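As structure tokens, the structure follows; a few thoughts come after it.
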Amino acid sequence: MWARAGLVLGFLLVWLIVLMPLKAVVMLAGPAGYSDVYGTVWDGRIYDLRLRNQTVRETRVGLRPAGLLTGQLSLDWQIEDDSLRGRGRADWSGGRVRLTGADFSVALDRLDAPDLPGLGGGERVQGRISELDWRNGTCRAAAGEVRTGALTGFDGPVLTGQLACRDGVLVVDFAGRSDRLELDGEAVFGAQAVDWRVTARTEMSDMADMLALAGFERDGDVWQREGRRAYDGNP
């Protein structure tokens with residue numbers, strides 16, 4: 001009798017897990033901004049999800065069953081928006097969050113990039129995250145690259161960057177060089193905001209004028225600009 005009862009309860013538990021609505025999981029995870037949720041945890045969609053002051057039109061998630069056997073939550077994710085796209089895998093276990101195999105494409109108008117004359121906000125930055133390992137809010141490992149040709153429209157360089165962890169914080173170092181302009185800099189993703197700096201070098205007077213118009217300040221032979229953007233959208 002007890003064996004039958006246990007078997008029935010076991011099948012019931014499996015049935016509940018298989019058909020578990022994604023909305024129930026989202027609600028249990030705590031308050032979050034979104035307009036609606038559809039589907040199950042195995043194939044669900046979240047609409048207008050708010051992520052650090054950014055709204056993503058559609059986010060698709062699919063739980064990986066094998067991850068449950070190892071005591072961690074593993075899922076495949078995909079985001080679709082007019083100015084932001086991406087997909088990859090995420091693993092949660094205790095205070096650890098790990099992203100792997102992630103590709104993304106984001107428009108510059110989603111970023112606090114320098115406002116260079118002739119540079120449209122629709123220009124895109126592409127990237128791949130091979131690994132991003134967060135433990136208790138600290139960056140423990142990062143590997144990947146970013147790339148953009150947004151500056152080539154006015155003879156600027158193609159910029160490429162590498163992801164790394166520095167003192168527990170995610171950092172992207174980038175650089176690029178063309179016949180008319182050389183750039184390098186970094187973006188530091190702190191707990192509350194992104195801090196960035198850019199250093200430019202050029203021997204072309206028209207490029208120097210463009211840098212001045214974009215808010216760069218001259219320091220000897222180089223032009224410099226830095227900025228900060230809080231995740232809540234405030235300066």
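The values are calculated or read from the model by the stated rules, or taken from the named source; none is laboratory data. Quick caveat: nothing in here was measured; it's all calculated off a predicted structure. Note that each Cβ is placed from the backbone with ideal geometry, even for glycine, and that neighbours are counted across all protein chains shown. Remember, those area values only see protein heavy atoms, side chains included, never the ligands or the DNA or RNA. Shrake-Rupley method; radii C 1.70, N 1.55, O 1.52, S 1.80 Å.
Values computed for the structure shown
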| read-out | value |
| --- | --- |
| Pair list, Cβ under 6 Å, 6 or more apart: region 123-137 residue closer than 12 Å to Thr100 by Cα, other residue open to solvent by 80 Å² or more (accessible area, probe 1.4 Å) and of a type in the set (Lys, Arg) | Asp133/Arg140 |
| Scope region 149-163; condition part of a strand (DSSP E or B) and touching a helix residue (DSSP H, G or I) at 6+ places or on another chain (Cβ under 8 Å); matching residues | Leu159 |
| All strands (runs of 3 or more DSSP E) inside region 169-235 with 1 or more residues being among the hydroxyl-bearing types (Ser, Thr, Tyr) | 193-201 |
| Unmet requirement for Asp179, which otherwise passes all of (1) touching a strand residue (DSSP E or B) at 6+ places or on another chain (Cβ under 7 Å); (2) within 24 Å of Thr152 (Cβ to Cβ) | (1) |
| Filter result for Ser105 (open to solvent by 20 Å² or more (accessible area, probe 1.4 Å) and either of a type in the set (Ser, Thr, Tyr) or assigned to a helix (DSSP H, G or I) (or both)) | no |
| Selection count, region 133-150, where residues are crowded, with 16+ Cβ neighbours inside 10 Å and within 22 Å of Arg228 (Cβ to Cβ) | 6 |
| Of all residues making up region 205-235, the number that are free of Cβ contacts under 8 Å to residues at least 40 places away in the same chain, more than 30 Å from Gly137 (Cα to Cα) and open to solvent by 70 Å² or more (accessible area, probe 1.4 Å) | 8 |
| Region 21-48: number of residues that are modelled with pLDDT under 85 and part of a strand (DSSP E or B) | 8 |
| Residues (open to solvent by 20 Å² or more (accessible area, probe 1.4 Å) and not aromatic (Phe, Trp, Tyr)) located in region 173-189 | Asp173, Ala175, Arg177, Ser178, Asp179, Arg180, Glu182, Asp184, Glu186, Val188 |
| Number of the exception - Gln78 against (1) within 27 Å of Glu226 (Cβ to Cβ); (2) modelled with pLDDT of 90 or more; (3) not β-branched (Val, Ile, Thr) | (1) |
